[in-house]
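Notes follow the structure.
A short reminder: the numbers here are calculations on the coordinates, not readings from a lab. This one's a predicted model, so the numbers in the text were calculated from it and none came from an experiment. Here the Cβ positions follow ideal geometry from the backbone for every residue, glycine too, while neighbour counts run over all protein chains shown.
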Amino acid sequence: METPPLYSFGIPWPELNGGLDYSDLVRSADSGKTLIGFYSSRYPNSAPLRGWLRRIRSGQVTVDGEAATDPDAVLELGCRVVYRRIPWREPDAPWTLQVLYEDEHMVAINKPSGLQVLPGGLFQQRTVLSQLQWRAWRPQPPAPVHRLGRGTSGVLLCAKTRSAKTRLSSYFARGTLGAGEEGRGIRKFYRALVVGLVVEDEIVVDQPIGMVHYPGVANGLYVASPDGKPASSDVRVLERDAEAERTLVEVEIHSGRPHQIRIHMAFVGHPLFGDPLYGVGGCPEFSEESVSIDDGFAEDGGYEKPMRPVPGDCGYHLHAHRLVLCHPSTNETVEITAPLPAILQTRTELDH
């Protein structure tokens, strides 16, 4: 039985965010470098050389609080350099959040697809974290204790107290132990729509997940890799649609690797329906040789958004449907479910 929302909240996004300051203290390894040498070598993934020149000459960089417009200015040990990113209009994102469960220790929200949980990349303000901070919670706003991909919807757990955050975070860090086991643990169930007809009614996927270089993703891309970290998913078929050649599945994950369900379903030959990134085998569908390197830059001097797919792109159908956990204070078992999007409901569920 699904948990009906208790209430909804949210504030429409301002047209522009407040910009962002990136501050660095010059250490011995960078002492004596020029300003342009410092930024172009330390942050090459933020902007090309010409972009950093433009940022410096336009007055967006300060040294010890003073504007520094000379790219060839030499930096001294211990000085503070700050790059001020000018305010920008972030891509469209939902702003209304539904509360599914709340007490004095934690709150669970139904995160909509298309909304990022924490700041990163183009999304610095249009995040779940901002909406939590803008609402008048006392004595402090709740903090998310795990993440869901931007395109993933469903139950997102947030802690209201330091002790709750510590305990809830440990559940996700340790993986699933089973709610109630030693008074600790969490079980995580997702719904997903995948390409093709899954033959087996149940599948266990134990493919490790590692990281590879991927153009446009500064820290690398998570993929199916024999040298990766252990990851385990239990897949159960809920309904097959022979006409559309797709299958509705429930997935319980026993680990929390980034993009785990997207990678695991693709690895077994059934990528998520509409996933722009992961193809059969659990790796991105692109050839390194086919990617042209473009050093063009956007209005603020940074790179344009990559034309090829990146992990934050939406289009797939994945929903964190149900959490069963040991309450961080009372040790009671709590079950929280998020209403399912119509496309992730079985025919029987739709009829009811």
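Using a cutoff of 8 angstrom between alpha carbon atoms and counting only pairs six or more residues apart, the relative contact order for region 46-109 works out to 21 percent. Can you find, among G256, L344, V205, the residue farthest towards the positive end of the dipole of the chain? Put +1 on the C-beta of Lys and Arg, -1 on that of Asp and Glu. Result: G256, furthest along the dipole toward the positive end.
With the charge dipole of region 20-85 set up from +1 on Lys and Arg Cβ and -1 on Asp and Glu Cβ about the Cα centre, the Cα lying farthest toward the positive end among the listed residues I36, A68, G78 is that of I36. Each Lys or Arg adds one and each Asp or Glu subtracts one; over the other residues with Cβ under 11 Å from the Cβ of L277, this totals -1. As a rough footprinting exposure proxy, the listed residues L115, L344, L6 were ranked by other beta carbons within 10 Å of their own, and the order from fewest upward is L6, L344, L115. Taking 0.36 nm per residue of sequence separation and removing the Cα-Cα distance, the L350/S23 pair yields an extension gain of 112.5 nm. At full extension, S170 and K229 could sit 19.4 nm farther apart than now, given 0.36 nm per residue minus the alpha carbon distance.
Sorting 259-266, 98-105 by average packing, meaning the other beta carbons within 10 Å per residue, from highest down gives 259-266, 98-105.
Would you mind calculating the relative contact order of the chain from Cα pairs under 8 angstrom and at least 6 residues apart, reporting the percent as a whole number? Relative contact order, the chain: 18 percent. A cut-off under 12 angstrom between Cβ atoms defines the neighbours of R84, and their net charge, with Lys, Arg +1 and Asp, Glu -1, is 0.
Counting only aspartates and glutamates at least 8 places from K188 when in the same chain, those with an alpha carbon closer than 12 Å to its own are D234, E250, E252, E335.
A cut-off under 12 angstrom between Cβ atoms defines the neighbours of V334, and their net charge, with Lys, Arg +1 and Asp, Glu -1, is -2. With respect to the cross-link table entries K111/K229; K111/K165; K165/K229, which display a Cα-Cα separation exceeding 21 Å? The answer is K111/K229; K165/K229.
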